[in-house]
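Contents: one structure, followed by commentary.
The values are calculated or read from the model by the stated rules, or taken from the named source; none is laboratory data. Model, not experiment: these values are computed from the prediction. Cβ coordinates were reconstructed from backbone atoms using ideal geometry, including for glycine residues, and neighbour counts include every protein chain displayed.
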Amino acid sequence: MTDLVLTEQQDQVLVVRINRLDRKNALTHDMYTALGDALTTAEQDKTVRCVLFTGSSDCFTAGNDLSDFAKGLPGAFEHTPVGRFLLMLATATKPVVAAVNGPAVGIGTTMLLHCDFVFAGSNARFQMPFVNLGLCPEGGSSLLLPSWVGRARAAELLMLGGAFSAEDADRLGLINRICDPEQTEPTALDTCHRLAAQAPAAVRATKQLLNRPVQDTLIDTLKTEGALFSERLKSPEAAEAFKAFMEKRQPDFSGFD
């Protein structure tokens, strides 16, 4: 496992920490493999009753490492490291909690839609800038966001791709609580321990029932989004967006149909 993703079991909680602070925790294919491996461990290890995803007090994740993803995805989406991770997260049987401080960009926001509890620091900034990068939504967000916040607000968040605050996320019902940044992870970890102390089969059954109404549609949406996302990575629009990002300028989409 890469040292850019650290795992530590604290009692019955598996803490999974994104640890690439020099690049704002931007995620590479290898890091997605490590995140998926952590979920596999959690599913198979009976001593693990809860998973906590976290970063640092300053940053959750800046999303995909664009230099990595500009090369495209290695194969069919569901068999890629990112596709495997998202599908495992969407079908996890044990409770998943997230502690979010600072930037939570792209998948840093969409992965939270699959977490059972999300605690955000007052410094958290969420963003899904897929269209800004010539891409499309991923992580099941095109299905889950409209059902949670309404289609109009989902269109605003996904089509304009602007950043929004912890207060906005709380108002939209996307997080459980806003914390002081230093207390985000301890608060989330306390909830993990409380979940681990509950009757484990009852917790899993409750999670299954909560997810059941959209589970089949969600898996289909994840795969459909993933296939289109893979195509969009090869598009001229994405090439212009990635080039503009590297050149620290705004992309120019005026010449595209």
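Summary table
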read-out	value
Scan of segment 131-162 for residues that are of a type outside the set (A, V, I, L, M), more than 22 Å from Met88 (Cα to Cα) and in contact (Cβ under 8 Å) with a residue 40 or more places away in the chain, ordered by number	Asn132, Gly134
Flag if Phe242 is exposed (fewer than 13 other Cβ atoms within 10 Å of the Cβ) and in contact with a Pro (Cβ under 9 Å, 6 or more places away or on another chain)	no
Of the criteria (1) touching a helix residue (DSSP H, G or I) at 6+ places or on another chain (Cβ under 9 Å); (2) among the hydrophobic types (A, V, I, L, M, F, W, C); (3) modelled with pLDDT of 95 or more, which one Ala42 fails	(1)
Condition check for Thr217: among the hydroxyl-bearing types (Ser, Thr, Tyr) and in contact with a Cys (Cβ under 9 Å, 6 or more places away or on another chain)	no
Identity of the residue in segment 32-57, over 19 Å from Asp116 (Cβ atoms) and touching a residue at least 40 places away in the same chain (Cβ under 8 Å), that ends up farthest from the chain's Cα centre (by Cα)	Ser57
Subset of segment 178-195 [out of contact with any Gly (no Cβ under 8 Å at 6 or more places or on another chain) and under 14 Å from Phe60 (Cβ atoms)]	Glu185, Ala188
Residues within segment 205-257 that are over 18 Å from Leu158 (Cβ atoms) and among the β-branched types (Val, Ile, Thr), tallied	2
Residue match in segment 172-193 (condition: among the small types (Gly, Ala, Ser), without any contact (Cβ under 8 Å) to a residue 40 or more places away in the chain and under 26 Å from Glu156 (Cβ atoms))	yes
Filter result for Gly226 (farther than 21 Å from Arg49 by Cβ and surrounded by fewer than 17 Cβ atoms within 10 Å (Cβ to Cβ))	no
